[in-house]
1. Report, by residue number, each residue of region 665-706 that is modelled with pLDDT under 80, among the hydrophobic types (A, V, I, L, M, F, W, C) and more than 30 Å from residue 744 (Cβ to Cβ).
2. Checking residue 145 against (1) open to solvent by less than 50 Å² (accessible area, probe 1.4 Å); (2) outside any strand (DSSP E or B): exactly one of these is not met. Which one?
3. Considering region 327-351 alone, what residues qualify as being touching a His at 6+ places or on another chain (Cβ under 8 Å), open to solvent by 10 Å² or more (accessible area, probe 1.4 Å) and modelled with pLDDT of 90 or more?
4. Taking the residues in region 641-652 that are open to solvent by less than 40 Å² (accessible area, probe 1.4 Å) and not aliphatic (A, V, I, L, M) as candidates, determine which candidate is modelled with the highest pLDDT.
5. If I filter region 487-509 for residues that are under 18 Å from residue 334 (Cβ atoms), modelled with pLDDT of 75 or more, among the aliphatic types (A, V, I, L, M) and open to solvent by less than 30 Å² (accessible area, probe 1.4 Å), do I get at least one hit?
6. When you check residue 7 against the structure, is it at pLDDT below 90 and out of contact with any Gly (no Cβ under 8 Å at 6 or more places or on another chain), yes or no?
7. Looking for whichever is assigned to a helix (DSSP H, G or I) and aromatic (Phe, Trp, Tyr) here; the options are 283, 307. Which one fits?
Amino acid sequence: MNTSYYDKAVRTLEFDKITAMLADCCPTEGSRSLALRLTPDGNPDWIRRRLRQTTEAKRLIMGKGFPSFGSVKDVTEAIERAEKGASMNTRELLDTAALLNTARRLSEYFFGDRKEQDPGEGLREHFGRLSTDRMLESRITHAILAEEMIADEASPALADIRRRIRLENNKIKDSLQKYLGGAYGKYLQENIVTLRNGRYVVPVKAEYKNEIKGLVHDTSASGATLFIEPLAVVDSNNELRALESKEAHEIDRILAELSAECAACGGLIVGDYHTVTELGFIFGKAEFSCRLNGTEPIVSEDQHLCFKKARHPLIDRKQVVPVTVELGRDYDTMVITGPNTGGKTVTLKTIGLLSLMAQAGLHIPCADGSEVCIFDAVLADIGDEQSIEQSLSTFSSHMVNIVEVLDRLTDRSLVLFDELCAGTDPTEGAALAIAIIGKVRSFGALCAATTHYAEIKAYALETEGVTNASCEFDVETLSPTYRLIIGAPGKSNAFAISRKLGISEDVIEAASNRISTDDKRFEKVIEELEQRRIEAERERDEAVRQRRDFEVYRVNEERKLQKRLETAERELEKSQEKAVQILESARITSEYVMQQLEEIKKQKEAERFAEALEEGRRGIRRRLREAGDAVNPVREVEDNDYVLPRALRKGDTVLIINLNQQGTLADSPDKNGNVTVRTGLLNTRTNVKNLKLIEEAAQVTTSDRKRIAASKYQAAVNKSFTASLDLRGQLGDDAWFMTDKYLDEAMMANVKQVTLIHGKGTGALRKALQTRLKTDPRVKSFRGGIYGEGDSGVTVVELK
C-alpha cells in the first residue's frame, strides 16, 4: 500500500472510523492498540493469512462462545526490571498472575475436549505458543490477596511476625484500659485509645497533662487536647514498631522472591503477553465481523474485484441498501450517474473502503463469493476541499487532487472520482473529464467516477471497457431507492423533481426549449431504456416470485404425501404384526388347554383329581393372561412432575395420561405396577406411572401429604438453587440462620461447593461464620477467597 497517500485515503474514506469500531470489539488494551494502528497491506499471502485467522476465530465463537481474556495488562516493562534484579510491586505481580491465568484458560478453551473436526485449526499455532505455569500463578495469588493486602500464609516468618504483632497490640490495649476509667477518667478528653505516628496514645485534657506521665506525640487544633503515650506502654509501642518494621522487611523479601521467580521465566511470560494480545486482536476482528455480518472475500491475483450485495459498514445495516459492483473483467471503468442524494458517493466510498478493509485482513460486509484484488494505492477525489485562504474554488480544489492522483497513478491503483470536473463550464468540464478517464485507463488502473455530464454517459456507451451505472430514483415519491443499476445510464431528473416541488409549468417548458435536439433525443432514449428496464425487472421479479411460491407448494405437498405413505406403511406393518401375534397366542393357548385337559383326563380316577383340576385352571388362566399381555402390552408414559398422593387401590377413579381418559381400577396394581383400568365397555392394561389419581375421589392421608410436600420442595430447591449466598449487612446470628438453611438446600441439590459472600469490613461476620463452619458436620472444608473470587470478602465452603 502506498503509505505516502495512505493518510489521505484514510481521511477521505473514513477508514479510521473502521479501526475505532474494531478497537471497541477487542478485549484487551494491547489488542485495542493493535486495532487503532491497523493499516492495509499489499502482500497477498499476509492478507490471506489474516483473513483466514479471522474466519477461524469466528467459527470458534459460533461454536464455543467468545473466550475470556480477563483484564490482561502489559507486564513487559515490569518483567524487564525484575530480570535486572528489581522487585515488582503487588499490582505488577497480580497482573502477571492474571496474565498466566488468562493464558491457561485460553489454552483450556482451545485444547480442552478438542476433536479433530472442531473449528479453529488455523489458530492452533497461536494457542500452542501459550505457556502456563500454574505453580507460579498459585504462589502469587495465595501470597497476595489484593493490591494492598499480603496474606499471612505468604511465609512462615510473616505469619509469626503478625501473630506477635496481634499479641503486642492486645497487651498495649490491656495496659491502656486502666486509663479509660477510674481515677484517670477525669483527665481524659474522651475515654478512647487512638494512634498518633503509629503509636498508641490517650487524649488528655491540656490542664491535666502532668497527671499522666508519658510522651506527648500530638495536640489538637485548639490545643485543648494532648495525645500522650503513657510510660507504661512505651516499651510495648517500641516493640510494636520493631515488629512492624520486620513485617515490612519480610513483605519486601516475599515480593523480591516472587519477582525473581517471574524473572526466571520472564521470556515465557512476555511471550504469553504478546500471544494473548494477538489472539485478542484476532478475536476482536471476528467479533467485528459478527457485528457487520461480514464474510471472508476471495483474494485474487488478477486485477478484478466483485462486491456482491455490498453494504457500507458505517451505515446501519437495517437501513442501507446493498449494491453489487464489479470492475476489471468485462470493463475497467464505471461511470455512475443519477440524481443528487441518490447514493452515487456512497457507492464510491463503499468500493474504496471495502478494498482497504480487505487489505487490512478484515472481513467485509458482502455476500459470500465476493472477490478483491490487491491495490498498491487507493486514490480518491471525493468531497469539496475549497479553501478561501489558499484561493481554491470547488473546481480548483478538485483539480489539485486530480493532479496528485495522476502523479501517483500505477497499473495496480484503484481510482475514485466524485463529480469529475464539476464546477466549471459543462462543455469544457465534460471534455476534460473524458480525457482524465482515458489517462487513468492508459495506465491499466481500475476507475469509478460519478457525473451528471451527458457527454460522459455517451462516452461510456461508445467505449469498450467502460460501462454506465445508475442510481435508481423514484420520481413519484421524489426519493432515491439507492439501488445501483449496472449497464444503464441514469437521468438527473431535474425537470421532474422541479415540477414535483412546484416550479410552474411555463418555467419548466422554457428550460426544456433551451435544450438542444440531440440532448433531448439522448435523454429520451435513456428514459425509454429506463422504463423498459423497470418493466422487465418487474416481470422478472413476478416470475421469480411465482416460481418460488410453486417450489414451496411442491415441496410441502411432496412432504405431506411422503408422510402419509410412511404412516400408512407403518400402520400396515403394525396390523400385520398384531394379527400374527393374535394367531400365535391363540394357537399356543389352545395347545396348552388341550394338554391340560388331557392331563386331567388321565388323573380323573386319581385321588388328587380335584387339586389337579384346580391347578390346571390356574395354569390356563396364567397362560391366557400372558398371551393377553403380549397382544395388548402395557403402555408406559411418565409424567415426571406428578407424584401419586398415595398407593392406588381397586375402585379408584384415575386419569389415563396417554389416552387422556378417565377410568376405574378393576384391580389393584401387581408387583410391577401394572393394572387394569375399566373405561366404559373397554379394559386397558397400563402402568401406574401412566395414571393420575382424580383428587375429588381420593382420600389422602397425612403421611401422603408430607411425602408430596417433600417431593415438591426438593424439586423447587433443585430448580432455583444458586452456588453463592450474599450475607452482607446481616448480623452474626441472622447470617448463620440463613447459612444453615442454605447448606441444607445445597446438600439436597447435591452441590459440593458453595460461596458465602460476607464482605470485608471489620471481619467480624467472617469470623462468626467460620467459627460455626468448623463444627458443622455437613462441611468438609472451607477457605477464604483468592484474587478473582472476591479475596477476603468471601468464604468458599466444600460440602461432604
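The values are calculated or read from the model by the stated rules, or taken from the named source; none is laboratory data. As the structure is a prediction and not an experimental result, all values here were calculated from the model. Cβ atoms come from the backbone with ideal geometry, glycine included; neighbour counts cover every protein chain shown. These area figures cover heavy atoms from the full protein model, side chains too; ligands, DNA and RNA do not enter into them. Shrake-Rupley method; radii C 1.70, N 1.55, O 1.52, S 1.80 Å.
1. 681, 682, 697, 698
2. (2)
3. If the condition is that a residue be touching a His at 6+ places or on another chain (Cβ under 8 Å), open to solvent by 10 Å² or more (accessible area, probe 1.4 Å) and modelled with pLDDT of 90 or more, then 349 is the only one that fits.
4. That would be 652.
5. No: zero hits.
6. yes
7. After ruling out the rest, the residue left standing is 283.
Table: residues versus (1) in contact with a Ser or Thr (Cβ under 8 Å, 6 or more places away or on another chain); (2) small (Gly, Ala, Ser); (3) more than 17 Å from residue 247 (Cα to Cα).
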{"position": "139", "(1), (2), (3)": "no, no, yes"}
{"position": "153", "(1), (2), (3)": "no, no, no"}
{"position": "158", "(1), (2), (3)": "no, no, no"}
{"position": "161", "(1), (2), (3)": "no, no, no"}
{"position": "164", "(1), (2), (3)": "no, no, no"}
{"position": "168", "(1), (2), (3)": "yes, no, no"}
{"position": "174", "(1), (2), (3)": "no, no, yes"}
{"position": "189", "(1), (2), (3)": "yes, no, yes"}
{"position": "205", "(1), (2), (3)": "yes, no, yes"}
